[in-house]
Amino acid sequence: QVQLVESGGGLVQPGGSLRLSCAASGSIASIFTMGWYRQAPGKQREVVAVMFSGGSIRYAESVKGRFTISKDSAKNTAYLQMDSLKSEDTAVYYCKADITQIGVRGQFDYWGQGTQVTVSS
């Protein structure tokens, strides 16, 4: 069993910052790609930032220069530092990870439950 738990969301004023965390736990053998996605009301879920297993990173154009994804492999935890937040960043933010489990063949995607980020004055 594998779980992803996000934390760090909340209400922040425009121009402010938040740091999201995504902790993976369970019978984890290896974690490959880890990424952050978001879904605003009435919109499709979209990619925000992805860190690939080789270390390369991809950001959505709308967050480049403002958001930073990082990972602590020892803690199986990914982070999303969000600076210069705008009202259009308001959404539920989800973490996704590609994980292999101990004793289980195959690599599977796991999603967290999401954390709400609201940017408003």
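The values are calculated or read from the model by the stated rules, or taken from the named source; none is laboratory data. Computed from a predicted model, the values in this text were never measured in an experiment. With ideal geometry, Cβ positions are generated from the backbone for all residues, glycine too; neighbour counts draw on all protein chains shown. In case anyone asks, the SASA skips ligands and DNA or RNA and just uses the protein heavy atoms, side chains included. Shrake-Rupley method; radii C 1.70, N 1.55, O 1.52, S 1.80 Å.
So the values come out like this:
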item: From phi via Karplus (6.51, -1.76, 1.60), per-residue ³J(HN,Hα) for region 88-94 in Hz, x at Gly/Pro; result: 6, 7, 4, 4, 8, 9, 10
item: Exposure ranking of L11, L80 by accessible area [1.4 Å probe, largest first]; result: L11, L80
item: Residue (of T100, G114, V63) at the positive-pole extreme of region 55-121, dipole from beta-carbon charges; result: T100
item: Loop-exposed trypsin sites (Lys or Arg not before Pro) per DSSP, neighbour cap 14 Cβ within 10 angstrom, longest uninterrupted part of the chain; result: 1-42
item: Sequence-distant residues sharing a close amide H with G16 (under 5 Å, placed H); result: L85
item: Percent of C-alpha pairs per 5 Å bin, the chain, short to long; result: 2, 12, 23, 24, 18, 11, 6, 3, 1, 0
item: Distance-filtered residues of region 1-35 - backbone nitrogen under 20 Å, label point 7 angstrom along R58 Cα→Cβ; result: 31-35
item: Alpha-carbon radius of gyration plus Dmax, which is the widest Cα pair, for region 81-121 in Å; result: 15.3, 49
item: Relative contact order, percent, the chain [alpha-carbon distance under 8 Å, six or more residues apart]; result: 37 percent
item: Stretchable slack from R19 to I102, in nm (0.36 nm times residue separation minus alpha-carbon distance); result: 26.9 nm
item: Fraction of accessible area attributable to carbon and sulfur, region 1-103 (%, probe 1.4 Å); result: 48 percent
